[in-house]
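Below: one structure, written as structure tokens.
The values are calculated or read from the model by the stated rules, or taken from the named source; none is laboratory data. From a predicted model like this one, the values you see are computed outputs, not experimental measurements. Cβ atoms come from the backbone with ideal geometry, glycine included; neighbour counts cover every protein chain shown. Side chains are part of the model used for accessible areas, which takes the heavy atoms of the whole protein and leaves out ligands, DNA and RNA. Shrake-Rupley method; radii C 1.70, N 1.55, O 1.52, S 1.80 Å.
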Amino acid sequence: MTIYHKCESQEASRATDVSRLRGKTSALIHYVWRADLKALALASMETAINSYHEDLLRYVRRDEHNEEVAATLVRNVLTDNPELMSAEMAALMEEADAGDGVVEHVIVSVQQGDDLLGNFEEAVEILVEALGVGNCPVIGAVHADTDHMHFHLVIIRVDVDTGEVVELPKYDKIRGQQALAVMDDRFGWKREENSRWEVVEGRLVLDGSADHGPADNPREWPDRYFPPAGLSAQGRRQEKTSGFVSAEHRIRDVVPDIIARNSDRASFLAELAREGIKLVKAHRGAAYVVSMKDERGRKHEEQVKASVIRGWGARALEQRYGPVDAEDGPEIQSKAATPKEGNSEWPKYVHAKSQYRERLNAMCQNVRAALPGGGSARDSLATARAACAFPSFEEWQSGVKPADIGAALFANCGALVLEGSSASHRHAPTPVPDETFRATRVGTKVTYTQRLSGNASRIVDFGDRVVLIGRPTEAEIHKALRLLVMRGAKVVSGTGFSKHEILRAQKVAKDLGIIVIPQQDVSRTSATISETREPTVRVSTTDAKAAVRKLGLKSALERHFNQGFER
């Protein structure tokens with residue numbers, strides 16, 4: 001998956017004050033070249049146009065990860081010193097009488113396993129030529145601070161020979177996607193999922209069929225908008241996460257034939273209503289509202305803009321059927337949601353896969369922040385994620401289960417995870433040092449290490465979860481559980497623990513008046529609840545006995561714990 005992203009600063013694009021443009025340019029150069037966050041923070045405080053710096057700072061400081069610069073390059077720049085670069089770029093922009101709008105910040109990210117370092121210079125060459133800025137200053141660097149290696153480019157759109165501002169293509173983001181297709185083909189990188197552009201036999205091809213010129217000559221590539229031939233990104237995402245045919249998909253399948261069959265307004269609206277669809281006036285033009293029922297008979301509505309049907313946007317519909325009213329047409333009849341792939345088991349599979357991936361992402365995020373920086377920790381986490389591939393639909397139907405996330409994380413990273421029953425609610429951790437443990441707060445986490453023991457294990461508290469790195473002692477298990485008890489946890493799940501370790505944790509938990517359950521037991525119960533759709537039983541202090549009589553002790557406790565994961 002290769003991703004192209006253009007970072008935009010709408011406020012700064014209108015700024016011409018020299019101090020502002022110097023502030024933004026200098027900050028970006030120092031960040032890209034040296035991964036220097038101090039320059040970004042200073043620019044965020046000193047420049048009037050600061051939302052760009054704040055957003056970028058918020059992004060790079062996420063999860064307390066560290067920036068790592070793996071390679072750098074410059075084009076049409078006289079120096080490789082960041083301070084001198086900043087002065088040179090500011091002088092060039094002043095001479096061109098240009099504001100921050102000529103400063104472009106572009107990011108290209110590649111999939112794990114793709115060779116970015118070996119192709120960095122050629123990839124930059126392809127991109128800047130495609131954007132028409134081959135004679136402009138370019139400052140770039142490869143950053144290895146995320147699971148996906150990526151490079152940043154700072155481009156000053158001023159021609160170094162003429163001193164004139166260079167305009168980007170009108171649809172520069174599409175041009176960037178076209179350039180990525182060339183990179184994928186030339187370097188053997190994995191294509192982005194659902195990418196519309198590709199190179200076939202040296203030609204740039206759209207949607208698998210439309211030829212748009214030679215792949216090695218960007219001057220012949222079209223500079224215009226191409227409406228999506230299939231579902232929008234939102235529609236694809238909806239089907240991928242729900243397992244049901246999206247409202248947009250239904251509109252594309254049903255409405256064109258209804259338009260073809262009906263030339264008068266009344267019959268058109270009536271047939272739409274029979275299909276569970278109505279036409280309404282929207283903020284911009286017209287939209288279809290699709291009414292559907294889920295497997296439990298509950299109704300819900302989704303709105304889809306009319307322009308998803310090419311040639312039949314709001315203006316064309318009004319020319320054929322008259323003005324669109326806010327609430328027009330007869331009462332609609334809701335239709336049952338249609339499972340994707342025509343299989344009633346598919347939504348259950350998608351739901352299970354989505355829950356598993358959500359949990360995998362959350363746990364990897366915490367473990368990544370708890371591990372020390374460096375390539376070995378990143379590689380260990382990548383190996384753990386690879387071991388947690390969810391089974392295919394056919395495998396899932398035959399009873400194949402995904403890998404236990406905690407076991408994979410411990411096997412590869414040496415990490416154990418404890419979660420309280422309120423794990424879906426964020427708790428900001430506060431340091432709680434004592435005679436045994438010292439506490440160190442960094443950002444949104446607190447790390448505990450034993451004061452006198454030589455044990456290399458440590459506890460990392462994220463508020464909603466506590467991660468134990470290494471083989472924990474009984475004192476460390478007690479401290480981790482105690483932190484969760486302080487936040488009101490009554491039932492705690494343990495992930496990655498061996499049978500012996502979970503028994504030891506349960507013994508400690510008994511002294512604290514709480515219960516520890518292995519996460520695999522909780523997951524099985526959660527899956528059963530999801531499949532049967534039974535009403536959730538709330539186990540409170542007053543009705544605990546009744547719940548235990550109805551469900552049994554273990555089931556009642558598991559149900560209580562899973563309340564924390566109900567959305």
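Heavy atoms only, probe 1.4 angstrom, no DNA, RNA or ligands counted: give me Arg471, Arg438 ranked by accessible area, highest first. Intermediate values should be presented prior to the final figure.
On the way: Arg471 140, Arg438 95 Å².
These residues rank, largest area first, as Arg471, Arg438.
Computed extension gain for Lys401 through Ala428, at 0.36 nm per residue and net of the alpha carbon distance, reaches 6.3 nm.
In sequence order, the range 479-484 has phi-based couplings of 5, 4, 5, 4, 4, 6 Hz under the Karplus curve 6.51 cos²θ - 1.76 cosθ + 1.60, θ = phi - 60°, and Gly or Pro positions carry x.
Could you calculate, for the range 85-208, the ratio of the Cα radius of gyration to the Kirkwood radius, expressed as Rg to Rh?
Ratio of gyration radius to Kirkwood radius: 1.00.
Residues in the range 173-184 carry Karplus couplings, in order, of 5, 5, 4, x, 5, 5, 4, 4, 4, 5, 4, 4 Hz; the curve used is 6.51 cos²θ - 1.76 cosθ + 1.60 with θ = phi - 60°, and Gly or Pro positions show x. Label reach from Ala71 (point 7 Å along Cα→C-beta): in the range 153-193, amide nitrogens under 20 Å belong to 153-155, 179-192. For the range 161-252, taking Cα atoms only, Rg and Dmax work out to 16.2, 56 Å respectively.
Just to verify a number: FRET efficiency for Asn343 and Ala387, C-beta to C-beta distance, R0 = 30 Å, to 0.05?
Calculated transfer efficiency: 0.60.
Working from label points 7 Å from Cα in the Cα-to-Cβ sense, the Arg482 to Ala91 distance is 6.2 nm.
What GluC sites (Glu not before Pro) in the range 182-243 are in a loop by DSSP, with at most 12 other Cβ atoms within 10 Å of the Cβ?
Glu193, Glu201
Residues within the reach of a label modelled at Asn217 (point 7 angstrom out along Cα to beta-carbon, backbone nitrogen below 13 Å), restricted to the range 180-210, are 203-204. Under the combined filter of DSSP loop state and at most 13 neighbouring Cβ atoms within 10 Å, the range 210-288 retains these chymotrypsin sites (Phe, Trp or Tyr not before Pro): Tyr225.
If you plug the beta carbon distance of Ala475 and Gln355 into 1/(1 + (r/R0)^6) with R0 = 41 Å, you get a FRET efficiency near 0.75.
Tell me the chymotrypsin sites (Phe, Trp or Tyr not before Pro) within the range 436-519 that lie in a loop according to DSSP and have at most 14 other beta-carbon atoms within 10 Å. Counting only loop positions with at most 14 other Cβ atoms within 10 Å, none of the chymotrypsin sites (Phe, Trp or Tyr not before Pro) in the range 436-519 qualifies. Estimated at the nearest 10 Å², the accessible area of Lys348 is 80 Å² with a 1.4 Å probe. Arg357 contributes about 110 Å² of solvent-accessible surface, heavy atoms of the protein only, 1.4 Å probe. Label positions at Leu117 and Arg237, each projected 7 Å from the Cα along the C-beta direction, are separated by 3.3 nm.
Put Glu94, Glu164 in order of accessible area, highest first, and with a 1.4 Å probe you get Glu164, Glu94. Ile469 contributes an accessible area of around 20 Å² to the protein surface, as traced by a 1.4 Å probe with all chains present.
Taking the Cα-to-Cβ direction at Arg186 and at Thr444 and moving 7 Å from each Cα, how far apart do the two end points lie in nm? Between Arg186 and Thr444, the label points sit 3.9 nm apart.
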